[in-house]
Amino acid sequence: MDKIVVEGGRQLNGEVRISGAKNAALPILAASLLTDGTNTYRNVPRLHDIASIRELLAYLGARVETDEDHVIRIKANGLCQTEAPYDLVRKMRASILVLGPLLARLGKARVSLPGGCAIGARPINLHLKGLARMGASIELTHGYVEATADRLKGDDFYLDVPTVTGTENLMMAAVLARGTTILRNVAREPEIVALADALNRMGARISGAGSSVLTIHGVDALTPADISIIPDRIEAGTFMVASALTGGDVTVLNCEPDHMGAMLNKLRLTGARITVKGRSVRVQGPEKITSVDIKTLPYPGFPTDMQAQFMVLMSVARGLSIISETIFENRFIHVSELRRLGADITVSGNAAMIKGVDHLSGAPVMATDLRASASLILAGLVAEGQTVINRVYHLDRGYEAIEDKFARLGAAVQRVR
């Protein structure tokens, strides 16, 4: 199994280009199930999760072609399966996103309950309640969701929690439903807006994306489109934190600063100098990092996917900071590994108190989930000596060639196979 080896103490300098967003690409690729003809997707990142959704779509009968230049073409004319089996779905939680499109297009779907990172319970009950309100018959049996409907019908549905995948699944189901669907208290993330924009390019009639209420007027059919995936705001944030952490000077290219307001604001408060110019952000690290409290919240609040990376930054800041995690109950698993590197962190319930230390010390550590893996690389960048990160397969689910990008910025980061 691969390891990442980091030699600490190097300042990062230069430019880094951000890849397409995994969390935008996955639902948009799943949406290809809603159309006949060939959809073309550009700026698709090369990640294990993307490979997993491609494999699942091919199993369902879609023809999937991949170009070298981050382009995927999917033709879903000959769908021959309505079941997404456990062996494919267990690899990635986002596989549940085929449920809505299959049900809307073919009238039935049998999808294994999903897997994914061990960061807390992420039930799909709101997906199922919404589909039931739209006329679907739902059964849970032998670890599978079995759903049937002659044709879904529009309804007015309130989501108790603004779940991202729940919003995406119900949106994709509603575009082919009869009548109008109103979804209230929906997620507002940029990835939701990107999916709505993609569906509208295919002929859907969706309004309100980016607000808490979506209105979807059902249509009889969608047509293929040519779609570019938005940049990954979490990858961008990870490199921004790395620059601030090492006292570096890094310009992050091909990003959307408007998607990162909360992150940029908190970075400024740490003393980092932030310069935004078009689709690039330059981050110059401070001489001394100032401690800042954060609280993870649904978008446009501070993203839970940046909590672990920001915790590393606070580990070497001046003073005391508190990080409150309100999205997932098990998302402090990385704390024990940061303590191995010398971080002074105390966890109480959903809050972590971080007392900044002068330096971290390299040690062997183990990655527990995708974002924790990235945080351990960041910690290794400022740790004295060598940090060896085990179980880095998590990284390949969400970061494209991260060790190469860090190396081009001057970091001593390499993958050992």
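Among DSSP beta bridges lying fully in the chain, give the percent that are antiparallel, nearest 5. If I count the DSSP bridges inside the chain, around 70 percent turn out antiparallel. The angle between the Cα long axis of helix 48-59 and the main principal axis of the chain comes to about 10°, on a 0 to 90 degree scale.
Computed from Cα atoms, the angle from the helix 233-245 axis to the main principal axis of the chain rounds to 0 degrees.
Which pairs in the list Lys75/Lys153; Lys3/Lys355; Lys22/Lys288; Lys3/Lys405; Lys22/Lys405 are over 24 Å apart, alpha-carbon to alpha-carbon? Violating the 24 Å Cα-Cα cut-off are Lys75/Lys153; Lys3/Lys355; Lys22/Lys288. The share of alpha-carbon pairs in the chain lying farther apart than 32 Å comes to 35%.
Cβ crowding within 10 Å ranks His259, His334 as His259, His334, fewest other Cβ atoms first.
Counting other Cβ atoms within 10 Å as a rough exposure proxy, the listed residues Tyr399, Tyr144 run Tyr144, Tyr399 from fewest neighbours to most. Can you compute log10 of I(q)/I(0) for the stretch 26-228 with the Debye formula, treating each Cα as one identical point scatterer, at q = 0.09, 0.15 Å⁻¹? Listed by q, the Debye log ratios stand at -0.28, -0.85. The shape of the stretch 42-86 can be summarised by an equivalent ellipsoid whose semi-axes, obtained from the alpha carbon gyration tensor, come to 20, 13, 5 Å from longest to shortest.
Projected onto its three principal axes, the C-alpha set of the stretch 48-161 covers 42, 35, 27 Å, listed from the longest axis down.
Taking every C-alpha pair closer than 8 Å and separated by at least 6 residues, the mean separation divided by the residue count of the stretch 26-228 gives a relative contact order of 20 percent. The sum of -39500 (n - 2.57) across all DSSP H runs of n ≥ 4, divided by the residue count of the chain, sets its helix-only mean residue ellipticity at 222 nm to -8500 deg cm²/dmol.
Any read-out appearing in this document is the output of simple, stated calculations on the displayed coordinates, not a laboratory observation. Everything numeric here is computed off the predicted structure, so don't read it as measured data. Neighbour counts are summed over all protein chains in view; Cβ atoms, including those assigned to glycine, are modelled from backbone coordinates with ideal geometry.
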